[in-house]
Amino acid sequence: MAKLEILRYPDPRLHKIARPVAKVDDRIRALVDDMHETMLAAEGVGLAATQVDVHERVIVIDTSPARDNLLVLINPEIVARGEDTVISEEGCLSVPETYERVERHAQVTVRALDRDGRSRDIETDGLLAVCVQHEMDHLQGKVFVQYLSMLKRTRIKAKLLKQARESLREP
Ligand code: GNR
Ligand code: NI
């Protein structure tokens, strides 16, 4: 297992589109393990492979309070969505210290392969549904700040670029 580096907005690599996984093999399972470790260390509820600069359709999610209920989604597809929408405060490990309201489908059914390569349909709502949509956006090269106004996005970009510059100057 290894902890991986998480890309930070506005890194252009966050906008690459992930390709489907051809075969769920030991290489993919090793990536899943590393992503799981990285997500836990960063105290996130989800992580998409895009965020660790691997452009394949792999997601890990754990929204359980005890952090003992890992969900692995490989080649995920939304196969059904509810009519209702919800607005919630979203954060992102690639956009530190930034929380903004985003509208999402309240319920989605996601079809994906698990770590054994078996296809499963998972009905989600609440935080899990929000997280599935947030992570699937990452695989399409989309970061949640792209739902915000240009003004907010420009401010967030400036704040993070300043932080990045200051961290380079640290001894
Ligand atoms: O840790 C995370 N929390 C979160 C909170 C509200 C909506 C979405 C998320 S996902 C985020 C982890 C992350 O950046 N995943 O890509
Ligand atoms: Ni994110």
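The values are calculated or read from the model by the stated rules, or taken from the named source; none is laboratory data. Owing to the predicted nature of the structure, the values given are computational and were not obtained by experimental measurement. All Cβ positions, even for glycine, are placed from backbone atoms using ideal geometry, and neighbour counts span all protein chains on display. Please note that ligands, DNA and RNA were not included when accessible areas were found on the heavy atoms of the full protein model with its side chains. Shrake-Rupley method; radii C 1.70, N 1.55, O 1.52, S 1.80 Å.
For the reader, a short list of remarks on this structure follows.
- In sequence order, calculated HN-Hα J values of region 26-40 (Karplus, 6.51, -1.76, 1.60; Hz; x Gly/Pro): 5, 4, 5, 5, 5, 4, 4, 4, 5, 5, 4, 4, 5, 5, 5
- Distance from region 34-93 to region 123-159 (C-alpha centre basis), Å: 12
- Evaluated over region 82-171, the Cα radius of gyration and Dmax, each in Å: 16.3, 52
- Cα gyration tensor shape of the chain, rounded if a/c is under 1.5, else prolate or oblate by comparing a/b with b/c: oblate
- Summing charges over all other residues whose Cβ lies under 9 Å from the Cβ of Gly117, with Lys and Arg as +1 and Asp and Glu as -1, gives 0.
- Rounded percent of accessible protein surface that carbon and sulfur make up, region 48-105, 1.4 Å probe: 43
- With a Förster radius of 35 Å applied to the beta-carbon distance between Leu70 and Met150, the computed FRET efficiency rounds to 0.45.
- Full extension of the chain between Ser119 and Glu103 gives 2.9 nm of extra length, using 0.36 nm per residue less the Cα-Cα distance.
- Gyration tensor (alpha-carbon) shape descriptor, region 1-88, a/c threshold 1.5: rounded
- Loop sites in region 114-157: trypsin sites (Lys or Arg not before Pro), DSSP, at most 10 other Cβ within 10 Å: Arg118
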